[in-house]
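Undergrad: Can you read through this structure? Questions will come right after.
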Amino acid sequence: MIKKIKKIHSISLLAVAILSLIVWAIFQLTVVPDTKGEGNIVKRIYYQVVRLLPIKAAVKLAVPYHHQQHALSCEIASLLMALDYKGVTVTENQLIEQMPVSDPGPRDKRNVWGDPNVGFVGNINGTMPNTGYGVYEQPIYDLATKYRPAKIITNGTLTDLIIELSNGNPIVVWGVVAGRTKDISWKTPEGKTITAQLDEHARTLIGFTGTSNDPQLMILLDPIYGEIRLSAKDFLKNWALLEKKAVIIY
């Protein structure tokens with residue numbers, strides 16, 4: 001009888017713990033709103049709960065978290081987190097003011113728009129794929145180097161990233177909002193073809209689990225979802241969608 005009571009008590013404690021996690025996660029959703037309009041409540045609760053699970057990180061940089069303040073400011077917010085870790089005091093809006101803009105308007109009916117390799121395309125408070133998009137690695141690098149040394153990686157490898165993380169350097173990486181991909185393209189006024197992803201997104205890579213030779217999980221700060229963990233395989237698949245772009249902050 002005593003054993004049965006103890007078993008019921010243990011099950012009750014587990015149920016209370018799980019319920020508490022769910023309630024806490026839902027509360028966090030009200031504290032950290034979804035500004036990009038692409039997050040869903042199931043995914044957000046999942047990330048909130050998973051980040052509570054203990055992991056043994058080989059490297060995890062203590063990068064301060066910053067939630068993006070505009071619908072499409074993920075690249076700026078990711079850069080801000082990396083700069084903050086390196087001791088730079090600057091706000092998201094101060095960085096935005098310094099960011100060149102390629103075309104602030106919507107994509108026109110001829111499928112002509114700006115160049116994210118030159119500056120921000122569209123309205124930073126717009127929505128993909130017609131009124132706002134984002135910016136690629138060169139303008140982020142140019143902005144970063146006003147504050148800290150930096151380096152661009154394109155078509156990089158996981159080893160490139162692991163080495164930099166192990167040396168204490170956070171990395172802005174490009175990909176898409178997890179699980180959502182669609183190739184899109186347009187022409188610039190000069191006739192250049194821009195390859196893009198419908199749900200282009202940037203994050204700050206801060207660590208990994210496993211070993212340098214065999215990383216298991218990649219740890220990122222997502223400016224929408226907070227800390228997230230992707231398997232090395234899933235991370236590489238996501239990163240490859242936009243040519244494995246990255247900017248390392250020194």
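Undergrad: Could you tell me how many of the residues in segment 58-81 are in a helix (DSSP H, G or I) and of a type outside the set (S, T, N, Q)?
TA: We begin by selecting, within segment 58-81, every residue in a helix (DSSP H, G or I); these are 74-81.
Keeping just the survivors that are of a type outside the set (S, T, N, Q) gives 74-77, 79-81.
Qualifying residue count, segment 58-81: 7.
Every residue, every condition in (1) within 17 Å of Tyr136 (Cα to Cα); (2) touching a strand residue (DSSP E or B) at 6+ places or on another chain (Cβ under 6 Å); (3) without any contact (Cβ under 8 Å) to a residue 24 or more places away in the chain, yes or no:
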| position | (1), (2), (3) |
| --- | --- |
| Gly226 | no, no, no |
| Arg229 | no, yes, no |
| Leu236 | no, no, no |
| Lys245 | yes, yes, no |
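Undergrad: Also: Within segment 210-250, restricting attention to residues that are assigned to a helix (DSSP H, G or I) and of a type in the set (Phe, Trp, Tyr), which residue is nearest to Lys151 (Cα to Cα)? Lay out the reasoning, then the answer.
TA: First, the residues of segment 210-250 that are assigned to a helix (DSSP H, G or I): 232-240.
Going one step further and asking which of them are of a type in the set (Phe, Trp, Tyr), we end up with 235, 239.
Working: Phe235: 20, Trp239: 17 Å.
If we take residues in segment 210-250 being assigned to a helix (DSSP H, G or I) and of a type in the set (Phe, Trp, Tyr), then Trp239 is nearest to Lys151 (Cα to Cα).
Undergrad: From the list Gly156, Gly175, Gly207, pick out the single residue that is at pLDDT 95 or above, in a loop (DSSP other than H, G, I, E, B), touching a helix residue (DSSP H, G or I) at 6+ places or on another chain (Cβ under 9 Å) and crowded, with 17+ Cβ neighbours inside 10 Å.
TA: Working: Gly175 fails: in a loop (DSSP other than H, G, I, E, B); Gly207 fails: in a loop (DSSP other than H, G, I, E, B).
Answer to the selection: Gly156.
Undergrad: Tell me the residue from Val173, Val90, Val177 that is within 21 Å of Val63 (Cβ to Cβ) and over 17 Å from the mean Cα position of the chain (by Cα), please.
TA: Details: Val173 fails: over 17 Å from the mean Cα position of the chain (by Cα); Val177 fails: over 17 Å from the mean Cα position of the chain (by Cα).
Of Val173, Val90, Val177, the one residue that is within 21 Å of Val63 (Cβ to Cβ) and over 17 Å from the mean Cα position of the chain (by Cα) is Val90.
Undergrad: Just wondering, is there one or more residues in segment 56-70 that are basic (Lys, Arg) and over 20 Å from Ile171 (Cα atoms)?
TA: First, pick out the residues of segment 56-70 that are basic (Lys, Arg): 56, 60.
If we keep only those that are over 20 Å from Ile171 (Cα atoms) too, we end up with 56.
So far as segment 56-70 goes, yes, one or more of its residues are basic (Lys, Arg) and over 20 Å from Ile171 (Cα atoms).
Undergrad: Here are Thr89, Thr154: which of them is more than 21 Å from Leu198 (Cα to Cα) and hydroxyl-bearing (Ser, Thr, Tyr)?
TA: None of the other options fit; the residue is Thr89.
Undergrad: Still on this structure: Scan segment 132-153 residue by residue and report those that are free of Cβ contacts under 8 Å to residues at least 60 places away in the same chain and in a helix (DSSP H, G or I). So that I can check it myself, show each step before the final result.
TA: So the first thing to find is which residues in segment 132-153 are free of Cβ contacts under 8 Å to residues at least 60 places away in the same chain, and the list is 138-139, 142, 145-146.
If the condition is that a residue be free of Cβ contacts under 8 Å to residues at least 60 places away in the same chain and in a helix (DSSP H, G or I), then Gln138, Pro139, Asp142 are the ones that fit.
The values are calculated or read from the model by the stated rules, or taken from the named source; none is laboratory data. Everything quoted here is computed from the prediction, not taken from an experiment. Please note: Cβ atoms are built from the backbone with ideal geometry, for glycine as well, and neighbour counts cover all protein chains shown.
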